Structures are given as structure tokens and as C-alpha cells.
Amino acid sequence: MAFDLPFLLQILKAIFQAMPLTLAIALVSCAGAFLLGFAFEILRRVNRPLGLLMRLIIDFIRSTPLLVQIYFFYYVLPYYGVVLPGVVVGGMALSIYYSGYLAEVFKAGIDTIPAGQSEAALALGLAPMDVTFRVIAPQMLRNIAAPMGNYFVSILKSTPYLAVIGVAEMMGMTLEIASSTFRYAEPMLLLGIVFFILAATMAWCVRRLEVRLMQSSKR
Amino acid sequence: MVSNDVVIAVKGLNKWYADFQALKEIDLDVMKGEQIVICGPSGSGKSTLIRCINRLESFQEGSIRVEGVADQNDLLTLRRTVGMVFQQFNLFPHLTVLRNCTLALTRARGLEKAAAEDVALSLLDRVRIREQALKYPGQLSGGQQQRVAIARALCMSPKAMLFDEPTSSLDPEMIKEVLDVMADLASDGMTMICVTHEMGFARRVADRVIFMDQGRIVEAAKPDIFFEAPRNARTRAFLHQIL
């Protein structure tokens, strides 16, 4: 692994070119996983039959490998006439896979809110939607900022899986250089460093958010 | 002050938790402007009874009618007509005192923010805590939090107020400030049902004191009769223990 500046620059250029798409996929998947996971968790609480169904769906999603889900959506959906670009399938797979984990995080975040909170809100005559979104959800977010942030970082770190369906994210682009030059060490090392910097930045943002949420209620 | 209009009418109420019968054949009419204190040993059904009134608890038999609510199955209207104060205050910790009070006004009553804040501030003033309006509940003492909880319930201009052991989780020195607010409310003619063990308050404020035991109303009488000459042996034993 001799020091080869032009080669390193070539790799970095490829990584940075792929970075916007990678970050976009991660961001959209975070939002998707968040919304889907929250919907799962709220539906789980509606009534018993629906709760059991949601439980099954969440457990199924969590118990199957991400890679399997990615291949499944990519190769099975076209069977039913749904042909989507790899980027879309990738974002979908990441959203669905992590929604299962986030639903569990949301569950823990809601379970720690005393029952008195929703009782007080109901007793005031607030509609169920207002109880959920004005009273429960904000307190839940405060409880789960840290674990939720960890999963957001995991989503970013899972984008390399999308290379298998040809998405031009950072891993795929780096891999292209590596396989065409038969030099894997430098590309993977650089990619690792870039991921480290991105993940550390994200973790730092999550920590800041958590501190702010804590301060805003001083309890 | 007490009129002949029935505000809350409970008839033949029976409630079970699985096999355990929590309420047995409860009949109770609460008149407009009447203040009722319910006492009794823990597990006697006092809290369950008042939680049935605003349907925080469901029940299997009997009926509860709240005056002015056309459809008793319309839970939103029913709950907006009856205010409730809890033992644990249950203020929303992520909202300021003011927003705690305006939330239901803006979301349930559809008031504009400014109008809602006017209402909230005047009621915070009434419970003597207006200067804390912009603080968060966690920054207040227990007594202050409970007074905010009372103001929050009053914001919806309820026809009746339910108090579920409002002073039971307060330090002794804070009980008085909450009871004083409640006594003020009573003297303004608010219809109220209060589950409490504060017998001094019952004697001073209540029009009727009700003693419950094992899911039944065992005794209901004016405070002077209730405290001086209770008819039932269980009431006497209970009073003997706590007085």
C-alpha cells in the first residue's frame, strides 16, 4: 500500500461525487422509517386485533435480513408490474427495515409516559389526534432522541447495501474503482474514514438535539 | 346556593374489573352548585366512581347523565363539560403553564391564541399563579402545579369539577394553598365532587359527605350529621381511624 496521491484523489473524487445521493437516500429513509414506524406503533395501540397484526408485521420486518429485503423488493416487485429505479427501491427497503426498529423505540418512548398524561388530555376533551400529536408524541420524542439518533446513523451506514442493486452511492462508486484496479485497501480505508466523519457528525447533531429537548422542559 | 337542577345523575351504576366488582348499585344526584366530598378506605371505589363520570373508566351497568350534554356517548362534549383534577397533577411537562391552559381552548374550543391566552391568564390569576405563566411545570412546586391543573380544567368553563385526591401527593405545607383555591371555587358556586381525606375541608366546604366502602355508598349526609352522628358502624370506624 504505497502512498499514491493521484490514486487517493481519484477515490476521494468518486466518493464525494456519490455523497449527495448517499446522503439524500439516508435522509429520505430516515424520514420514511420515522413516519412508517410511528404509524405502526400508533396502529398497534388502536385495538387488540390490529395490535397483533402490527406486532406480526414489525417482528417480521425486524427478523429478516436487510439484504434479503433489498433483493426481494428489487426482483419481486417487477413480477407484479412495478418496476422502480434502484434508488427508489433502496430507499423503500431502508425505510421499511428500520421502521420496524423505530416502532420498538417509539413503543418504549410511549410506555415510559405516565398514563395520567393521556388521561389528563382526554379529560380536557381533546380529540384522540390531539392527544397523540400534541401531548404524547412530543414527550415520546424527548424520551427517545438518543436511540432514535443511533438508528438514523445506522441507516446512513446501511446505504452500502444498496450497491448490490446498482445504486450509485458511495460504496458502489468506491467498489467500482477498487475492482477495476484490483486495489481494495485504499478505497475501503478512505470510504471508512468518510463514513466515520459523517456518522460522528450525525451523532453529534443528535446529542445537541437531545440536550435541547431536555432543556426545553427542565424536568 | 344549591339549586334543584341535577347536574350529574348516577343511577344503578355497577362496574366490574374482570371478576372484581368495583362499584355496586351506585345512585347519586349532584345538584347545581352542590359540593360533595367522597371519602372511604382505599379500594372502596371512590376514584373509580368519579372516573366513570367523565368516562375515563367504562362501566357495565347503570347510567350516568351529565346535564347539558345531549348525547351521553359524545365523549368529547361530555369531557369538555366536566373538568377533572388528578392526584398526580398530570400537567404536560413539555408545555409552559400558559400553553397547558390554552391547549384545549385552541384545539378543542377553536379559540384564537390571543383569546385563549386571555382566558388562561384570568384563570391563572384566579388560582394566584399568573406570574408563573411562562415557566414549565417542572419548575413549579407541587402545590403550584396543582393550582395550574385546576386553572387548566377551569379554562373549559366546566359545569362541574371532579377532584381525585387533589392533595394526596402534596407536601403538608402545600395542601392549604390548594384547598384554599378549591374552597374559593366552592364559594363561587361551582358544582364539585371531591375525593379527599381532608376532613377539615369536608366539614368546612361540603354540602354532603359521602362515605364509600367496598364499592357501595354506605353513608351520605350533611357534614355536621356525618361527623357528629354517623349512622353506620363502618363510617364510625373509618372516622375514628382518620380523625
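Does the stretch A:184-193 contain any residue that is within 18 Å of the chain's Cα centre (by Cα) and under 19 Å from residue A:67 (Cβ atoms)?
No, every residue in the stretch A:184-193 fails to be within 18 Å of the chain's Cα centre (by Cα) and under 19 Å from residue A:67 (Cβ atoms).
Considering the stretch B:103-148 alone, what residues qualify as being under 19 Å from residue A:138 (Cα atoms) and touching a Ser or Thr at 6+ places or on another chain (Cβ under 9 Å)?
Answer for the stretch B:103-148, where residues must be under 19 Å from residue A:138 (Cα atoms) and touching a Ser or Thr at 6+ places or on another chain (Cβ under 9 Å): B:134, B:135, B:136, B:137, B:138.
Does residue B:127 satisfy the criteria of being surrounded by 16 or more Cβ atoms within 10 Å (Cβ to Cβ), of a type outside the set (Gly, Ala, Ser) and within 14 Å of another protein chain (Cβ to nearest Cβ)?
Working: surrounded by 16 or more Cβ atoms within 10 Å (Cβ to Cβ): yes; of a type outside the set (Gly, Ala, Ser): yes; within 14 Å of another protein chain (Cβ to nearest Cβ): no.
Judged against the criteria, residue B:127 is not a match.
For the stretch B:124-165, enumerate the residues that are in contact with an Asp or Glu (Cβ under 9 Å, 6 or more places away or on another chain), assigned to a loop (DSSP other than H, G, I, E, B) and under 27 Å from residue B:5 (Cα atoms).
Once the filter is applied, which keeps residues that are in contact with an Asp or Glu (Cβ under 9 Å, 6 or more places away or on another chain), assigned to a loop (DSSP other than H, G, I, E, B) and under 27 Å from residue B:5 (Cα atoms), the stretch B:124-165 yields only B:159.
Scan the stretch B:1-44 for residues that are in contact with a Lys or Arg (Cβ under 6 Å, 6 or more places away or on another chain), within 22 Å of residue B:182 (Cα to Cα) and not in a loop (DSSP other than H, G, I, E, B) and jot them down.
Passing the criteria: B:7, B:36, B:38.
Go through the stretch B:58-73 and give me each residue that's assigned to a loop (DSSP other than H, G, I, E, B) and either within 9 Å of chain A (Cβ to nearest Cβ) or open to solvent by 30 Å² or more (accessible area, probe 1.4 Å) (or both).
Answer for the stretch B:58-73, where residues must be assigned to a loop (DSSP other than H, G, I, E, B) and either within 9 Å of chain A (Cβ to nearest Cβ) or open to solvent by 30 Å² or more (accessible area, probe 1.4 Å) (or both): B:58, B:59, B:60, B:67, B:68, B:70, B:71, B:73.
Taking the stated definitions as given, is residue B:26 under 25 Å from residue B:205 (Cα atoms) and within 14 Å of another protein chain (Cβ to nearest Cβ)?
No, not satisfied.
Just one of the numbered conditions (1) at pLDDT 95 or above; (2) out of contact with any helix residue (DSSP H, G or I) (no Cβ under 6 Å at 6 or more places or on another chain); (3) open to solvent by less than 60 Å² (accessible area, probe 1.4 Å) is not true of residue A:179; which one?
So residue A:179 meets the others, but not (1).
Residues of the stretch A:182-204 being open to solvent by 40 Å² or more (accessible area, probe 1.4 Å), in contact with a helix residue (DSSP H, G or I) (Cβ under 8 Å, 6 or more places away or on another chain) and either more than 17 Å from residue A:20 (Cβ to Cβ) or within 14 Å of chain B (Cβ to nearest Cβ) (or both), which ones?
Answer for the stretch A:182-204, where residues must be open to solvent by 40 Å² or more (accessible area, probe 1.4 Å), in contact with a helix residue (DSSP H, G or I) (Cβ under 8 Å, 6 or more places away or on another chain) and either more than 17 Å from residue A:20 (Cβ to Cβ) or within 14 Å of chain B (Cβ to nearest Cβ) (or both): A:183, A:184, A:188, A:203.
In the list B:116, B:108, B:120, B:133, which residue meets the criterion of being among the small types (Gly, Ala, Ser), within 9 Å of chain A (Cβ to nearest Cβ) and touching a Leu at 6+ places or on another chain (Cβ under 8 Å)?
The match here is B:108.
Condition first: part of a helix (DSSP H, G or I) and in contact with a Pro (Cβ under 6 Å, 6 or more places away or on another chain). Can you find one or more residues in the stretch A:199-206 that meet it?
No, every residue in the stretch A:199-206 fails to be part of a helix (DSSP H, G or I) and in contact with a Pro (Cβ under 6 Å, 6 or more places away or on another chain).
Residue B:36: under 26 Å from residue B:237 (Cα atoms) and either open to solvent by 10 Å² or more (accessible area, probe 1.4 Å) or of a type in the set (Val, Ile, Thr) (or both), yes or no?
Working: under 26 Å from residue B:237 (Cα atoms): yes; either open to solvent by 10 Å² or more (accessible area, probe 1.4 Å) or of a type in the set (Val, Ile, Thr) (or both): yes.
Yes.
Considering each of B:52, B:101 in turn, give the residue that is farther than 22 Å from residue B:216 by Cβ and buried (at least 20 other Cβ atoms within 10 Å of the Cβ).
Every option except B:101 fails the conditions.
Looking at residue A:55 and the list (1) in contact with a Lys or Arg (Cβ under 6 Å, 6 or more places away or on another chain); (2) without any contact (Cβ under 8 Å) to a residue 12 or more places away in the chain; (3) among the charged types (D, E, K, R), which single condition is not satisfied?
Failing condition for residue A:55: (1).
Of all residues in the stretch B:151-190 being closer than 23 Å to residue B:120 by Cβ and among the small types (Gly, Ala, Ser), which is nearest to the chain's Cα centre (by Cα)?
Looking at residues that are closer than 23 Å to residue B:120 by Cβ and among the small types (Gly, Ala, Ser), I get B:160.
Kindly list, by first and then second residue, each pair from a residue in the stretch B:74-85 that is more than 8 Å from every other protein chain (Cβ to nearest Cβ) to a residue that is open to solvent by less than 20 Å² (accessible area, probe 1.4 Å) and in a helix (DSSP H, G or I), limited to pairs with Cβ atoms under 6 Å and residues at least 6 apart or on different chains.
B:85/B:149; B:85/B:150; B:85/B:153
Taking the residues in the stretch B:166-186 that are surrounded by 21 or more Cβ atoms within 10 Å (Cβ to Cβ) and of a type outside the set (A, V, I, L, M) as candidates, determine which candidate is farthest from the other protein chains (Cβ to nearest Cβ).
The extreme case among them is B:167.
Of the residues B:242, B:217, B:210, B:193, which single one is under 17 Å from residue B:44 (Cβ atoms), under 19 Å from the mean Cα position of the chain (by Cα), β-branched (Val, Ile, Thr) and open to solvent by 10 Å² or more (accessible area, probe 1.4 Å)?
Details: B:242 fails: under 19 Å from the mean Cα position of the chain (by Cα); B:210 fails: open to solvent by 10 Å² or more (accessible area, probe 1.4 Å); B:193 fails: open to solvent by 10 Å² or more (accessible area, probe 1.4 Å).
After applying the criteria, what remains is B:217.
Out of all the residues in the stretch A:118-142, which are over 22 Å from the mean Cα position of the chain (by Cα), more than 7 Å from every other protein chain (Cβ to nearest Cβ) and farther than 20 Å from residue B:138 by Cβ?
Within the stretch A:118-142, A:128, A:129, A:131, A:132 meet the criteria.
May I ask you to list pairs of residues, at least six apart or on different chains, whose Cβ atoms are under 9 Å apart, with the first in the stretch B:213-229 being touching a residue at least 60 places away in the same chain (Cβ under 8 Å) and outside any strand (DSSP E or B) and the second being surrounded by fewer than 16 Cβ atoms within 10 Å (Cβ to Cβ) and acidic (Asp, Glu)?
From residues that are touching a residue at least 60 places away in the same chain (Cβ under 8 Å) and outside any strand (DSSP E or B), the pairs are B:215/B:25.
Please work out if residue B:140 is within 21 Å of the chain's Cα centre (by Cα), more than 30 Å from residue B:216 (Cα to Cα) and within 14 Å of another protein chain (Cβ to nearest Cβ).
no
The values are calculated or read from the model by the stated rules, or taken from the named source; none is laboratory data. These numbers were taken from a predicted model, which means no experiment stands behind them. Positions of Cβ are generated from backbone atoms using ideal geometry, with glycine treated the same way; all protein chains shown enter the neighbour counts. Just the protein is used for accessible areas: all its heavy atoms, side chains included, with ligands, DNA and RNA removed. Shrake-Rupley method; radii C 1.70, N 1.55, O 1.52, S 1.80 Å.
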